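Accompanying notes for the structure given below.
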Amino acid sequence: MSDFAFEDASSRRTSRGRIRTFDAAVLVLLMLAIWQAIGSWTHGVAVSPPLQTLLYLFDLVRTGMFWQHAAATLAAFLLAFVLSALIGLALGLIFGVRRFAGEVAEPILAGFYTIPKVTLYPVVLLIFGLGMSAKVAFGVMHGLVPMTLFTLGAVRTLPPVLIRTARVMRLSPARTMLWVLVPACLPEIVNGLRISFSLTFLGVLIGEMFSSQRGLGFLLVNGMAQHNVPLSTAVVTVIVVVSIAANSMMLRLRGRTAHRSN
Amino acid sequence: MTRRRAVLLVRIAVLAGLTATLEICCRTGLIDPLIVIPPSEMVASMIDRVGSGELDESIVNTFSTIALAFVLAIGCGTLAGALVHRSSRLRDVVDPLLASYYSVPTFIFYPLLVALLGLGKAPLVVLGVLSGAPAVMISTLSGLDSVSPVLLKLARVHRLSPARTLWWIVLPAALPRLFSGFKLALSYALIGVIAGEFILSGTGLGFAISFAYQSFDNRAMYGLMLFVLLIAVTANGILYVWEGRLARRRSTG
């Protein structure tokens, strides 16, 4: 009896899964169709159609020029992401444990999170000069705050008994963070990393789009300026695919950490 | 209450201290005045710029664009969210899409939009809607999910028409979640429009800042920057306070 019920449930699940896959495929086709429609409607002056873009992309990835720009973006992004993740994690843990400091800092950070930071980019340029360090600084400006806020929120909602236990065991602050706080807040921290990842990427790209000579952001704006439509469409495609892939990877990672902590 | 006041006082003291430090560093030459000008100069420059009237057109331009993008984002987002909420099959498809949409730097579509729609208001509005509407959609979905079934049963018992059910039951129940989406939509519209003007445009406050930067007019640049940031902080602050008030009114019944 129970065997039968199990079989029934699983077959229902697979049929639902099949519907889902079908719907997802329809969705992808629909988006490609819209892309194609925009491309052919404007005769390719603004957006090049999917197939043409893909072919152009195949040629593009065989050139060294593309990889130089991609490497410039990747280097700036990685540095900015590591910096904002580490500093944000440390700040979040400190503000989470020190309640008073946290309450003072949180609205300031949240306010900074919502302002248009692009307006501050000239200041970054004046301080760091044109080049890699300005892009990195701008990426950190975008990625640091969400990482801090997510970690802070996670530590604050932690059962106080964990922190008290750490105190009873006379763990040093560094060990408390490493052995108690970070493992307990892992799902939230991964979530913060995910948001921080996409915002850091955005910051680096905006930095490259405004007065830079290297990187994917530059390539995009340059393609537009030279009326090289396939180039800019291809760069946008690459950026979208990379960010969606990274995001889904981190969503999966968070699912796994959430299971473990339960 | 006293703790809240203490937090507030310390917060103000920290901000005032930071501003004062910056002022002193600039005045004593620790920070090169060619890089950062003292905060008092920024305020003076802001008052000059805004008072002179030369910015009136840019201000009107920028804020009408932001308002249009904000309203459209709320309209499209709420409508799309309500539609998707009705069909669970559609929802299965849309949910993962929304989750990953958030990670795409929407801003990179701006150059394509400019090529598509021409330089001007249209690509800025579309950019603002593209970045704000999904947030509204997500909050609409979670708001409608949060309406408890018993309330809908109540509406049926009272034989309310669908329009009245929406207005009297669903909307008030979903409002707190909806509101957080509106807040996000405002800050996304603001960021999108000003960033767009900054990178590639011929009008507006964002353009004015980048123009001042490119003509090495630091004083004007910092004044404008302060103006834009003050408005952004004020707008977000109003919604933040309003949201807090809504939440408090709910909790007291």
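Brief remarks follow.
- When the residues of the range A:236-260 are filtered to those that are at the interface with chain B (Cβ under 8 Å from one of its Cβ atoms) and farther than 13 Å from residue A:194 by Cβ, the one that is surrounded by the fewest Cβ atoms within 10 Å (Cβ to Cβ) is A:240.
- Within the option set B:173, B:189, being surrounded by 15 or more Cβ atoms within 10 Å (Cβ to Cβ) and without any contact (Cβ under 8 Å) to a residue 40 or more places away in the chain holds for one residue only, B:173.
- Screening residue A:233 with (1) out of contact with any Ser or Thr (no Cβ under 6 Å at 6 or more places or on another chain); (2) surrounded by 22 or more Cβ atoms within 10 Å (Cβ to Cβ); (3) among the hydroxyl-bearing types (Ser, Thr, Tyr) gives one miss only, at (1).
- Annotation note: Cβ proximity below 6 Å between a residue of the range A:173-199 that is within 14 Å of chain B (Cβ to nearest Cβ) and a residue that is outside any helix (DSSP H, G or I) and crowded, with 20+ Cβ neighbours inside 10 Å (sequence gap 6+ or interchain) occurs for A:198/B:103.
- Positions within the range A:204-219 being part of a loop (DSSP other than H, G, I, E, B), of a type in the set (Gly, Ala, Ser) and either more than 11 Å from chain B (Cβ to nearest Cβ) or buried (at least 24 other Cβ atoms within 10 Å of the Cβ) (or both), in sequence order: A:212, A:215
- Residue that is nearest to the other protein chains (Cβ to nearest Cβ), among those in the range B:209-241 that are buried (at least 18 other Cβ atoms within 10 Å of the Cβ) and more than 17 Å from residue A:115 (Cβ to Cβ): B:213
- Residues located in the range A:39-93, provided they are part of a helix (DSSP H, G or I), exposed (fewer than 14 other Cβ atoms within 10 Å of the Cβ) and of a type outside the set (A, V, I, L, M): A:40, A:41, A:58, A:59, A:64, A:67, A:68
- Looking across the range A:48-107, the residues that are of a type in the set (Phe, Trp, Tyr), farther than 30 Å from residue B:9 by Cα and within 14 Å of chain B (Cβ to nearest Cβ) come down to A:77, A:81.
- Scanning the range A:150-172 for residues that are assigned to a helix (DSSP H, G or I) and either within 20 Å of residue A:103 (Cα to Cα) or touching a residue at least 40 places away in the same chain (Cβ under 8 Å) (or both) turns up A:150, A:151, A:152, A:153, A:154, A:155, A:156, A:160, A:163.
- Leading residue by the ranking (nearest to residue B:138 (Cα to Cα)) among those in the range B:99-114 that are of a type in the set (Phe, Trp, Tyr) and either outside any helix (DSSP H, G or I) or at pLDDT 85 or above (or both): B:102
- Condition check for residue B:143: among the small types (Gly, Ala, Ser) and away from chain A (no Cβ under 14 Å): yes
- Tally of residues being part of a helix (DSSP H, G or I), among the hydroxyl-bearing types (Ser, Thr, Tyr) and either in contact with a strand residue (DSSP E or B) (Cβ under 7 Å, 6 or more places away or on another chain) or without any contact (Cβ under 8 Å) to a residue 60 or more places away in the chain (or both) across the range B:140-150: 1
- Criterion (part of a helix (DSSP H, G or I), within 14 Å of another protein chain (Cβ to nearest Cβ) and modelled with pLDDT of 90 or more) met by exactly one of A:122, A:146: A:146
- Within the range B:44-98, the only residue that satisfies the criterion of being outside any helix (DSSP H, G or I) and under 24 Å from the mean Cα position of the chain (by Cα) is B:55.
The values are calculated or read from the model by the stated rules, or taken from the named source; none is laboratory data. Values in this document were obtained by computation on a predicted structure and should not be read as measured data. Positions of Cβ are backbone-derived with ideal geometry, glycine not excepted, and every protein chain shown enters the neighbour counts.
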